[in-house]
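Following: one structure in structure tokens, then a few remarks.
Please treat every number below as a calculation from the coordinates, not as lab data. All of these numbers come straight from a predicted model, not from anything done at the bench. Using ideal geometry, Cβ is built from the backbone for each residue, glycine included, and neighbour counts are taken over all protein chains shown.
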Amino acid sequence: MKICVLGLSHKTAPVEIREKVAFSSLQKLDEGISLLKRINGIKECVILSTCNRVEVYLVCNDAEWQENIATVFSEYHGIDKKELLSHLYFKEDEDAIRHVFKVASGLDSMVLGEPQITGQLKEAYGFASGKNATGFFINKLMHTAFYVAKRVRTETKIGSYAVSISYVAVELAKKIFETLEDKKAMLIGAGEMAELAAKHLITNGVKEIIVANRTFERACTLANEFNGKPCNFEEFPDKLKDVDIVISSTGAPTFIITPEKVKEAIKSRRNKPMFFIDIAVPRDIDPKVNDLDNVFVYDIDDLQNVVDSNLKERQKEAEKAELIINEELKVFKEWMGSLTVKPILLSLRKYFENIKENEFKEAKKKLSHLKEEDIKIIDALLNAVINKTLHKPTVFLKNISSRDNAYLYLDAIKELFELKGEHGEKED
Amino acid sequence: MESIFFYIGFGFFCIATFFFIIHLITLKNIWSGFGNYAILIAIVSYTLYLIFRGFIIRHFPVTSVHEGLVLLCLLLGILFLVFFHKYKLKVVGVFLAPLATFFSLIAFFVKQPPMPVLNTLQSFWLPIHVGSIFIGNALFSLSFVFSVVYIIENFRLKKKKFDNFGKQFPSLTTLDNINYMCIVYGFPFMTLGMITGAIWAQYAVGSYWNNDPKEIWSLITWMLYAAILHCRLISGWRGKKIAVFSIVAFLVLVFSFVGVTYLFKGYHIFRGI
């Protein structure tokens with residue numbers, strides 16, 4: 001009985017493969033789980049399928065599991081098995097558990113430390129357990145993984161550094177304005193990144209957005225999309241004074257926003273601060289604008305620099321997260337180890353011996369009139385009682401130890417006698 | 001005997017400073033929480049200290065620079081509590097605690113036993129005059145603190161330098177607004193203090209204006225703060241200019257408060273009271 005991981009991710013497979021192998025709908029996920037359950041030796045399984053990874057977490061006792069799953073998946077997805085195998089990774093036991101912990105806490109994600117993956121894993125686990133595909137080990141594994149993810153999130157600062165251009169722009173805006181609730185923004189030109197930044201501003205509270213574009217129709221469509229107002233391209237300098245945040249990304253060959261224009265705007269808005277985000281290459285905003293008081297200009301490189309330095313910080317935090325993972329991995333392995341027959345028997349015996357020792361110590365005080373030989377006889381008697389008592393359970397446990405569901409009995413005994421899997425009781 | 005309360009308060013301001021520096025480095029809220037309690041203890045000690053001194057001289061105990069500074073630190077501590085709990089601005093402590101420690105240090109060096117108030121100056125105007133002046137001073141100290149933070153933050157945003165250090169600093173807009181608020185609330189207290197001073201002088205010395213160095217420097221300070229309010233309200237100044245202006249005004253204030261007492265002679269040098 002071991003915990004295994006099979007999967008492919010952005011690190012091992014290009015997007016063409018990932019999208020072929022993805023279980024992109026609940027129905028496919030359902031089919032995938034049924035397929036896995038039919039494979040010989042697989043006791044429990046969870047399928048995690050996101051745009052960056054497809055992974056299967058399973059508990060099995062069959063040595064051929066890698067081969068079997070690869071065959072089933074290649075047939076199901078209609079993809080050449082050799083090709084599939086070249087992208088897959090397989091992990092067992094400690095490596096597998098470590099991998100699950102890392103995935104759950106976002107350490108294996110494309111954007112290091114991103115938090116969505118924990119939720120996605122929770123959904124995947126919920127779905128699998130809804131289909132009765134999970135059991136004793138996977139339940140424990142998943143719950144531990146979520147606990148690890150939570151520890152990583154609260155004990156390290158991995159999530160507190162913005163690592164996308166648009167998010168960095170929003171953070172900077174908050175550093176200047178405190179809140180974006182009553183702020184107005186202007187979008188000059190268009191482009192994927194500029195629109196994304198505008199969207200981020202809106203979700204963070206920006207109420208009004210003015211869209212200026214060389215083609216007025218385009219301005220109208222964008223304005224519609226953002227619930228904003230379109231504006232003729234020629235008119236935008238006059239509107240500068242009304243807005244707090246400007247996102248510029250035009251194809252203009254020269255600076256379209258000059259210090260003179262901004263000076264005028266800032267004067268008529270009585271020095272209320274302005275934030276310019278220049279996403280265009282070549283730049284739209286004269287860098288000298290940044291020298292004006294109460295005006296802040298960030299171009300694409302500045303934002304990227306912030307992103308890079310934040311990524312470095314996340315890297316540092318990831319190292320701390322690894323320590324947490326190692327800690328929890330150790331605890332988990334101890335738990336796994338405690339579920340084999342030998343340590344349980346040892347701790348069970350120790351449990352009885354402790355009782356005997358304690359009770360006998362008390363009794364000996366009252367039996368001071370006895371001779372040493374008599375005490376020895378009583379001691380031997382008590383040991384014999386323990387041995388006889390434990391004989392049948394010991395034989396039973398040894399017999400079932402090769403069975404698949406042995407852990408159920410072992411776990412029950414642990415619970416019954418409140419045995420703890422401590423270091424000393426582990427198998428050598 | 002009552003000195004013990006001064007030393008306890010002084011000690012706890014030092015400890016609070018230490019906690020807030022750790023808070024700044026580790027960004028763990030537990031340290032600012034400790035700092036909060038340290039300042040609370042410091043406030044209680046200083047209050048007891050002033051009460052004891054008041055009992056000894058049977059008057060409002062602001063008869064020396066030493067006592068004035070203690071009162072100032074006490075007010076700074078109270079302002080800190082307001083900002084800490086009402087506005088959740090933990091970072092205020094990072095600057096306020098060292099400032100209070102610094103003023104306490106000066107108070108330590110100029111410490112002197114309580115002195116009775118001269119009969120001629122004994123009047124109910126004394127607590128009103130001195131009290132409002134010091135509330136104004138405390139608010140202006142705070143304005144100074146926020147201005148310094150503003151300058152630092154402004155520099156970092158302009159030069160695009162980021163690190164953990166400033167993560168918990170308030171935004172520029174917040175800093176600018178609080179600075180303005182401090183001056184707006186501090187200015188009437190200072191004005192009140194100066195007017196009551198003039199009235200008191202009229203009664204005690206016979207003339208409301210005596211060309212005393214302290215009077216002159218206070219008037220300069222008052223005019224500087226009036227100018228700041230004017231620039232903000234009429235000319236719409238904001239941000240860096242106001243911050244620099246506030247820092248300059250505060251330095252002049254410190255000079256008129258401490259410097260004048262030791263550099264010039266005059267009836268306003270506390271010891272004469």
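Points worth noting:
- Mean per-residue shielding of peptide A:165-178 is 3, counting Cβ atoms of other chains within 10 Å of each Cβ.
- The dipole here belongs to the protein assembly as shown: it is taken about the Cα centre, uses +1 on the Cβ of Lys and Arg and -1 on the Cβ of Asp and Glu, and is about 1720 debye.
- Region A:243-296: translational diffusion in µm²/s, Stokes-Einstein, Kirkwood Rh over Cα pairs, 4 °C, 1.567 mPa s: 116 µm²/s
- Cβ neighbours within 10 Å from other chains - mean over B:233-241: 4
- Amide H partners (placed H, <5 Å) of A:ASP284, local residues excluded: none
- Expressed in Å, the radius of gyration and Dmax of the Cα atoms of region A:2-155 are 14.2, 44.
- Between A:LYS356 and A:ASN139, the distance separating the two model label sites (each 7 Å from Cα on the Cα→Cβ line) works out to 3.5 nm.
- Estimated [θ] at 222 nm from DSSP helical runs (n ≥ 4, -39500 (n - 2.57)) normalised by residues in the protein assembly as shown, nearest 500: -21500 deg cm²/dmol
- Cα extents of region B:123-273 along the three principal axes, largest first (Å): 58, 31, 23
- Cα centroid separation - region B:212-226 against region A:226-291, whole Å: 43 Å
- Histogrammed with a bin width of 5 Å, the alpha carbon distances of chain B distribute as 1, 6, 12, 16, 17, 17, 13, 9, 5, 2, 1, 0, 0 percent, first bin at zero.
- Using distinct alpha-carbon pairs, which all enter the 1/r mean, Kirkwood radius of region A:1-40 in Å: 11.8 Å
- Ratio Rg/Rh [Cα only; Rh per Kirkwood] for region A:77-120: 1.10
- Two-decimal Rg/Rh across region A:66-169, once Rg and the Kirkwood Rh are taken from alpha-carbon atoms: 1.04
- Within the protein assembly as shown, the proportion of C-alpha pairs whose separation exceeds 38 Å stands at 60%.
- Going from the fewest other Cβ atoms within 10 Å to the most, the residues B:LEU48, A:LEU180, B:LEU263 appear in the order B:LEU263, B:LEU48, A:LEU180.
- Legend: ranking of residues B:VAL148, B:VAL244, A:VAL306 from fewest to most surrounding C-beta atoms inside 10 Å; resulting order B:VAL244, B:VAL148, A:VAL306.
- Unit Cα scatterers, Debye sum, region A:165-305: log10 I(q)/I(0) for q = 0.11, 0.18, 0.22 Å⁻¹: -0.33, -0.97, -1.57
- Share, in percent, of DSSP beta bridges within the protein assembly as shown that are antiparallel, nearest 5: 45 percent
- Only Cα pairs under 8 Å and 6+ residues apart enter the sum, and on that basis the relative contact order of region A:165-305 stands at 23 percent.
- Under 5 Å, built H, 5+ apart or other chain: amide partners of A:ASP299: A:ASP278
- Farthest toward positive dipole pole in chain B [+1 Lys/Arg, -1 Asp/Glu at C-beta], among B:PRO213, B:TYR37, B:LEU50: B:TYR37
- Dipole magnitude for region A:165-305: computed about the Cα centre from +1 point charges on Lys and Arg Cβ and -1 point charges on Asp and Glu Cβ, it is near 360 debye.
- Working note: Debye formula, equal point scatterers on the alpha-carbon atoms of region B:194-247, no solvent; log10 I(q)/I(0) at q = 0.21 Å⁻¹ is -0.75.
- Exposure proxy order (Cβ contacts within 10 Å, fewest to most) of B:PHE124, B:PHE146: B:PHE124, B:PHE146
- For region B:72-134, the fraction of C-alpha pairs more than 21 angstrom apart is 43%.
- Cα-based Rg and Dmax for region A:328-428, where Dmax is the largest Cα-Cα distance (Å): 16.8, 54
- Taking each of A:LYS131/A:LYS398; A:LYS157/B:LYS161; A:LYS157/A:LYS272; A:LYS175/A:LYS312; A:LYS2/A:LYS388; A:LYS131/A:LYS342 in turn, the alpha-carbon distance tops 26 angstrom for A:LYS131/A:LYS398; A:LYS157/A:LYS272; A:LYS2/A:LYS388; A:LYS131/A:LYS342.
- Percent of Cα-Cα distances greater than 18 Å, calculated over region A:155-203: 34 percent
- For peptide B:151-162, the mean count of partner chain Cβ atoms within 10 Å of a residue's Cβ comes to 4.
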